[in-house]
Amino acid sequence: MKKVKLNIDGKEVEAEEGKTLLEAARAAGIDIPTLCYNEKLAPYGVCRFCTVEISKGGRSRLVVSCIYNVEEGLTVKTATPKVIKIRKMLLELMLASSPILLETAKQYGIDKPRFQSEVTQCILCGQCVRYCAEVKGANAITFVGRGVNRRVAFVDEVVAKGVCMDCRQCYGLCPTGKIPRETDGAYFEGIKVSDVISRKKTK
Amino acid sequence: MAKLKSPADLEKKRKEILSQRDPNKPCVTICSGTGCHALGSDKVAEAFVSAISQNGLKARVDVRRTGCHGFCERGPVVVIFPEGTCYLGVKPADVPEVVSKTLVDKQLVERLLYKDSSGKTLAHEGDIPFYKFQSRIVFGNNTRIDPKNIDDYIALGGYAALAKSLFKMTPQKVMDEVKRSNLRGRGGGGFPAGVKWETTRDAPGDIKYVIVNADEGDPGAFMDRSLLEGNPHSVLEGLIIGAYAIGSHEGFIYVRQEYPLAVENTAKALEQARKYGLLGKNILGSGFDFDVKIHRGAGAFVSGESSALMTAIEGKVGEPRPKYIRTAVSGIWERPSNLNNVETWATVPLIIDRGSDWFTSIGTKGSKGTKIFSLVGKVNNTGLVEVPMGMKLRDIIYNIGGGIRQNKKFKAVQTGGPSGGCLPESLLDLPVDFDELTKAGSMMGSGGMIVMDEDTCMVDVARYFLNFLSDESCGKCVPCRAGIEQMVEILNRICAGKGKPGDIELLEEISEVTRDASLCALGQTAPNPVLSTIKYFKDEYKAHIERQKCPAGVCKALTSFYILPDKCQACQICLKNCPVEAISGGKNLVHIIDQAKCTKCGTCYEVCPERFSAVAKISGEPVPTPVPAGTEVVRKKGQQG
């Protein structure tokens, strides 16, 4: 594999072509915080928490490091004021629906939520959905709805077949602990597809 | 229908069609675009068919149902050729008179003609200001073509540009011509089409796709719809030419299911083109194969974004992909896929036919050719207008649009749909092109142009667009999903009079992150309506927040209606029309609104006769104490109660 050289936070880093900035940084001992990233799964790039500032030839731009691939001569800055501002705001936005993130938020100097939303305790990182599809091959969890109505839900028929009862591998993936907390029963009450859909209809 | 096997066959076909058509034979064209259709053009067309037959003119007059003519405000539109006599607002009851007077006696029906402000009638389409100031190079043939009949398109020289491309030009030459024309994408971003084509052509992979983006979804925009409905072959011809230049043999037309007529006419066009050998294997005997499938969209605004659209074509949920590789390189099934908007494709045959020099002679330095706009809102002449790039906003709104309705004051024009921005009066002389609009904080987008008057609340406008985007966000990434949600929350509270100091800054703070961190263009441009209204109409935000005042009197929570006792003439019109019976009073008695009952629907304000103007909108100050019940009105001189 061809190697490329780039600079991450002032450190000269060598990485294999095709690796992401996040992989290259972590291999070099530089941590970039993530929420939806899971090394067992294909990068998803939706929490935007791993946003970094890159520049090449005088032009700089913001990219998510879990998706953007390494490039020869690239300068990467993982914690510029702009990047920190973005991460802070993203946390505040997530905090509105997932107050459970308050401890994480405190690390960014956020003591008190500024925003409010319906509390779901789910940041829609999709690790459960993707793990179930990509690793387990069961497709028992899915996204339902769009926009602010987007939810994660268990596909009832599959659940009924008992796939989930014997697996429970998504329990440990959930960054807010919602799944183990709310599915701690036989029938995953409250987060079934049919429930989500009927709830939306009666709204 | 025999297949055309060479350019000579196509030319022969064209001559054959023309030989069967007498250019002097009268032809009644009835606009059957969506606007006129809704106004009853179907019945008008039927009335023409029967009146013509009753007058024994069936063999001597043609009747043609065409696509949208553009002047939707005054539909149903009827144009009678060869004279080009234009009748507006035609009803079935008018038809017998039109037939006997215009078709038989060759006289005009004055009352159906356009009247200018001085009352002078204008008989010809080209003389009407709405049309006179336009350059309808892409849209103009809509008035002459029955979209369900390929012969109409061929008669006007249709598919000649395809024949020229296939037989007189190499794919490289076609590509060069389009690049030289500097045709920029009409769907939103304005990326040079030729450069995109080249990227797809040069991307590795044998299988490449070309796609028409007809997922038009901006509120108030309907130009792509009308073009696809009214002249589907122009779009198809452009697509085939593009496929030839790129080396693609398979294409898609992604059209939203909510556009049934566009779906129907496009399907018919594909079928007819196949029968003529203009689509499918060995097109016109050139050896070039290309075919097209229609993909009907399920009506999600975000599916107009290129990667979301391609994901939808693959059969998955139409959500954008967070990849840093262009769809031109890796699109449908990770194959190079070139996506252009309806209007962009329809412009291609013109460039090939007349050359890039002709095309670049129209427009501004950076934006060539024309652009079709949906001119809507508080303007007198709403409809579709095609103008050369660089025309001033003022000229579009006042010369073509005929100015603001009811002589009200212009306040803003919103361009570019939900991703665009609102421009104030001080920018009315801005030349409309891709770069100027972007510089001013708005964008060209697909060409929506919503004119707003003094009765529009700009905070409410921002709220409307953000609400739309909140509904349409796919919800995949945090800054778009939650950022827009919180911006809507803040705008809601400002409009409700509960805005807090710092809310403007907070909106700007969220906007910055939503713009910088969102996954796709929907989120990245979502703050534009907020930022542009803050930039140009900050006073209105401040009035809402600091003084609980909605200057335009739109926000219900901040507005009250009050009947001025010295002006009320006790006509009882408001009293009878109030839907919640909040108005008391009677004959000769001043009417009084019970503020506790009033729902602020504004009906009293609208129905109060202009000569009285007795209903006032009050915002930002207390409603005066009403006069005691039973107070008699002060009669104006010469007014009867």
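What follows draws every value from the coordinates through simple rules; no lab data is involved. Only a predicted model underlies this, so the values are computations on that prediction, with no experimental measurement involved. Every residue, glycine as well, gets a Cβ built from its backbone with ideal geometry; the counts of neighbours run over all protein chains shown.
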Looking at segment B:556-619, how many pairs of lysines come closer than 13 Å at the Cα, when each pair is eight or more places apart or spans two chains? 4
Cα convex hull volume per residue for segment A:3-79, in Å³, equals 80
Between B:Asn492 and A:Lys11, what is the label-to-label distance in nm when each label sits 7 Å out along the Cα-to-Cβ direction? 4.5
Only bridges with both residues in the protein assembly as shown count here: give the DSSP antiparallel percent, nearest 5. 65
To test your reading of the geometry: what angle, between 0 and 90 degrees and rounded to tens, separates the Cα axis of helix A:81-97 from the longest principal axis of chain A? 0
Take the residue pairs B:Lys378/B:Lys408; B:Lys25/B:Lys275; B:Lys25/B:Lys106; B:Lys132/B:Lys371 and return only those whose Cα atoms are more than 19 Å apart. B:Lys25/B:Lys275
Value of Rg/Rh across the protein assembly as shown [Cα atoms, Kirkwood radius]: 1.01
Once the Cα atoms of segment B:20-128 are picked out, what are the Rg and Dmax in Å? 13.0, 43
Cα lying deepest toward the dipole's positive end in chain B, options B:Leu558, B:Gln107, B:Thr347, charges on Cβ: B:Gln107
Those Cys residues of chain A for which no other cysteine Cβ falls under 4.7 Å: A:Cys50, A:Cys66, A:Cys122, A:Cys132, A:Cys164, A:Cys167, A:Cys174
Assuming R0 = 56 Å, what is the FRET efficiency of B:Gln572 and B:Lys316, from their Cβ-Cβ distance, to the nearest 0.05? 0.40
MRE, 222 nm, helices only [DSSP H, n ≥ 4, -39500 (n - 2.57), over chain A, to nearest 500]: -8500 deg cm²/dmol
Note down the relative contact order for segment A:3-79 as a percent, whole number, built from C-alpha pairs under 8 angstrom at least six residues apart. 40
Placing unit charges on C-beta atoms (Lys and Arg positive, Asp and Glu negative, everything else neutral), compute the dipole magnitude of segment B:183-294 about its Cα centre in debye, rounded to 20. 180
Evaluated at 20 °C with a viscosity of 1.002 mPa s, what Stokes-Einstein diffusion coefficient in µm²/s does segment B:465-597 have when Rh comes from the Kirkwood expression over alpha-carbon pairs? 125
For chain A, just the Cα set please: Rg and Dmax, both in angstrom. 19.1, 57
Given R₀ = 30 Å, FRET efficiency for B:Thr438-B:Asp202 by Cβ-Cβ distance, to 0.05? 0.60
With +1 on each Lys and Arg Cβ and -1 on each Asp and Glu Cβ, how big is the dipole of the protein assembly as shown about its Cα centre, in debye rounded to the nearest 20? 500
Kirkwood Rh for chain B from C-alpha pairs, in Å, is 26.9
Provide the gained length on full extension for the span B:Val580 to B:Ile325, in nm with one decimal, where the gain is 0.36 nm per separating residue minus the Cα-Cα distance. 86.0 nm
Mind giving me the nanometre distance, one decimal, between the label points for B:Asp429 and B:Lys43, set 7 Å out from Cα along Cα→Cβ? 4.9
Per 10 Å bin, what percent of the C-alpha pairs of segment B:548-625 does each bin hold, from zero upward? 20, 56, 22, 1
Can you work out the FRET efficiency for the pair B:Ser100 and B:Leu18, with r the C-beta to C-beta distance and R0 = 41 Å, to the nearest 0.05? 0.85
PRE zone check, label point 7 Å out along Cα-to-Cβ of B:Lys597, amide N under 20 Å, scope segment B:615-635, hits B:615-618, B:623-633
Per-residue Cβ neighbour rank within 10 angstrom, fewest leading, B:Ile150, B:Ile396, B:Ile294: B:Ile294, B:Ile396, B:Ile150
Would you calculate a helix-derived [θ] at 222 nm for chain B, using -39,500 (n - 2.57) for each DSSP H run of n ≥ 4 and dividing by the full residue count, to the nearest 500? -10500 deg cm²/dmol
Would you list which lysines come within 25 Å of A:Lys19, measuring only between C-alpha atoms, while excluding same-chain residues fewer than 8 positions from it? A:Lys2, A:Lys3, A:Lys5, A:Lys11, A:Lys40, A:Lys56, A:Lys77, A:Lys82, A:Lys136, B:Lys323, B:Lys476
In percent, how large is the relative contact order of chain A, given Cα pairs closer than 8 Å and 6 or more residues apart? 15
Could you check the simple spin-label distance between A:Lys19 and B:Asp353, using points 7 Å along Cα→Cβ, in nm with one decimal? 5.7
The orientation-averaged projected area of the Cα convex hull of segment B:158-360, in nm², is 10.3
Length-normalised contact order for chain B - Cα pairs under 8 Å, 6+ apart - percent: 11
Please work out the C-alpha center-to-center distance from segment B:289-305 to segment B:225-277 and express it in whole Å. 11
In segment B:474-494, whose amide N lies under 13 Å from the spot 7 Å out along Cα-to-Cβ of B:Ala557? List them in ranges. B:488-494
